[in-house]
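Following: one structure in structure tokens, then a few remarks.
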Amino acid sequence: MKPGRGSLLLLSPAGAVFLGFFFLPMAGLFIESFRIYVPGSIGSKADAPFTLANYGELLTPSFAGFFFETLRISLLASLVGLLFAFPLAYWITRSLAARWQPIVIGLFVTLMFLSVLVRTYALELTFGAVGPLRPLLVEIGISPNSRGYIETLVIAGLLHYIVPMATLTLLGTIQNVDPRLFDAAQALGAPRWKAHLGVTLPLCMRGLLAAFLFAFTFSISAFVIPMILGKGRVLFISNLIYTRFSEIANYPSGAAISIVLFVVAIAIVYGMSHLVNKRWKT
Amino acid sequence: MSGRLVDNVLRLVGLVAIGTIICFLLTPIVVTAIMAFDSRGYLGPLPPPSLSLRWFQRFFSDDYFLRGLGVSAQLALLSVTISVCVGVATAFAVERMSFAGKEALISLFLSPLVVPPVVTGFALLLFLSHLGIIDGFTRLLCGHIIITAPYTIRATLTGLAGIDRSLTEAALILGATERKAFWDVTFPLARTSIVSGAIFAFAVSMDDVAVSIMLTDAKTYTLPVALISSMRANFDLSIAAASVMLMTLTAILILILEKSVSLNRVIGQGVFRS
């Protein structure tokens with residue numbers, strides 16, 4: 001069926017909303033990122049000439065460092081998150097008694113839905129000055145005033161969302177693996193760990209990559225977690241954009257950083273989905 | 001046998017990891033819930049010597065928080081209503097199409113989900129100030145509609161995909177007009193999905209910081225933005241009280257979701273369940 005007049009009428013509210021609140025603003029942001037900025041003013045002049053300086057600035061070590069830090073911490077948090085989420089999802093699906101399953105799954109859904117503010121504040125309380133888990137980190141050799149401590153806290157903040165999200169994503173994946181394949185591998189003499197490595201893991205690869213993708217894109221665009229837990233010493237790209245806007249009103253520079261972050265996020269999402277679809281066709 | 005030994009060691013490591021991570025996920029929540037009822041006027045170590053509701057009273061006597069709460073509530077109700085209407089209309093239109101661009105159209109409508117929220121907020125701020133729109137509430141409303149609409153569109157699309165088309169066709173053959181078939185057959189069948197989309201959208205709107213912080217003005221700000229600013233200023237336990245109330249709200253939303261849609265449908269289920 002071709003889109004008739006009725007369909008176009010139904011699409012018009014969404015068309016207006018997405019054009020007016022998203023696509024045109026994004027185009028505007030792109031144009032703004034090429035404007036010359038005069039220090040001291042708020043934003044650029046309406047007819048300011050174009051320049052590439054806002055992007056050139058991002059190649060300097062101090063700016064590139066922010067991008068590198070964001071990607072490094074995000075990658076670490078995503079991998080650690082998967083490392084915990086996989087056994088957790090496996091345990092819920094295969095070892096947990098059937099009557100406990102809905103309760104545990106409900107708990108994880110609640111944990112995933114939890115407000116990012118609540119999460120961040122709760123971690124700050126728990127690991128902060130009087131927090132009960134602070135001695136634990138000190139015990140394993142992380143000094144409370146070091147950058148390592150702050151970085152660990154930021155990773156903990158990201159993990160607090162990534163683990164429930166990845167666990168729930170992997171539940172469906174693991175439920176789709178026929179347990180008889182694993183049994184067959186064992187019957188043929190493979191120890192459990194070899195059977196998991198050779199059978200379970202490869203069959204879950206698609207789910208693992210999907211969970212990694214969610215975790216990684218969530219992390220690189222994180223805002224509240226590094227803003228509060230990072231204490232100004234660990235800054236993510238999102239925080240940098242906000243600082244450019246709120247503290248020095250350099251909109252063109254903020255726009256350039258935004259465009260780069262946007263391109264990185266889109267490239268990761270489409271690149272990885274493409275890879276997953278090509279390699280593991282369903 | 002060494003294979004067995006490795007198995008047992010790995011199983012133990014796995015169980016320890018599961019225990020550790022569950023403790024890690026739950027401890028902060030328990031700590032916050034206890035601290036919110038702390039009767040001391042300062043931030044002291046656990047456990048509190050006695051319990052009280054002073055931080056809740058403090059929260060509700062603070063105009064700064066109450067104003068944010070009012071704005072957040074209005075904003076969530078208004079933006080979710082608009083997003084649900086837009087989402088339902090869009091999903092029904094897209095579902096009826098079968099031309100090649102359908103998939104592309106859907107990913108266009110879902111694209112705000114992959115754009116970092118700070119970028120969305122910043123772009124909207126620049127655009128609206130070029131247009132001369134500087135009223136805080138209008139700006140926030142625009143922002144909240146664009147971050148919630150993808151959720152309502154996606155949820156309605158999922159619901160429609162699960163409906164047998166022959167039911168609608170049967171109604172049409174039996175003489176119902178297209179409009180009547182929609183309201184009497186298709187819409188009731190899609191209702192649970194629309195509800196779950198609305199709940200998602202409500203949660204997103206109530207929780208957002210990154211978009212809202214860009215669009216607030218001096219007098220119009222949301223509760224999360226108010227909480228963030230006071231979190232940076234001083235570490236006051238009335239935020240713990242607010243956190244307890246937000247957690248309760250989350251739990252209520254999950255219960256509604258469970259009762260109306262069943263969580264199994266929200267998270268998807270595999271074939272080989274134990």
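Below is a table of values for the structure above.
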quantity: Hydrodynamic radius of segment B:55-265 per Kirkwood, over alpha carbon pairs, in Å; calculated: 18.9 Å
quantity: Mean Cβ count within 10 Å, highest first, over the residues of peptides A:27-34, A:86-93; calculated: A:86-93, A:27-34
quantity: Partner chain coverage, peptide A:88-94 - average Cβ within 10 angstrom; calculated: 3
quantity: Shielding score for B:125-136, defined as the mean number of other chain Cβ atoms within 10 Å; calculated: 4
quantity: Radius of gyration, Dmax [segment A:51-194; alpha carbons; angstrom]; calculated: 20.4, 68
quantity: Within 10 Å of each Cβ in A:267-274, the average number of Cβ atoms from other chains; calculated: 1
quantity: Distance between modelled label sites at B:Arg165 and A:Leu9, nm, 7 Å Cα→Cβ extension; calculated: 2.2 nm
quantity: For a label point 7 Å along the Cα-to-beta-carbon line of B:Ser260, residues of segment B:176-195 with backbone N under 15 Å; calculated: B:188-195
quantity: Ordering of B:82-88, B:28-34 by packing [mean C-beta count within 10 Å, highest first]; calculated: B:82-88, B:28-34
quantity: Between segment A:104-137 and segment A:71-93, the Cα center-to-center distance that results, in Å; calculated: 17 Å
quantity: Kyte-Doolittle mean at least 0.5, axial Cα span of 30 Å or more - DSSP H helices of chain B; calculated: B:2-35, B:63-96, B:136-161, B:238-260
quantity: Label-point separation, B:Thr138 to B:Leu77 (7 Å along Cα→Cβ), nm; calculated: 2.2 nm
quantity: Net charge of Cβ neighbours under 14 Å - reference B:Val80; Lys, Arg +1; Asp, Glu -1; calculated: -2
quantity: Which listed pairs, of A:Lys45/B:Lys219; A:Lys45/B:Lys102; A:Lys194/A:Lys278; A:Lys231/B:Lys219, have C-alpha distances above 29 Å, in listed order; calculated: A:Lys45/B:Lys102
quantity: Whole-number percent relative contact order across chain B, with pairs defined as alpha carbons under 8 Å at least 6 apart; calculated: 28 percent
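No value in this document is a laboratory result; all are computed from the given coordinates. Everything quoted here is computed from the prediction, not taken from an experiment. No Cβ is skipped: glycine too gets one built from the backbone with ideal geometry, and neighbour counts run over all protein chains shown.
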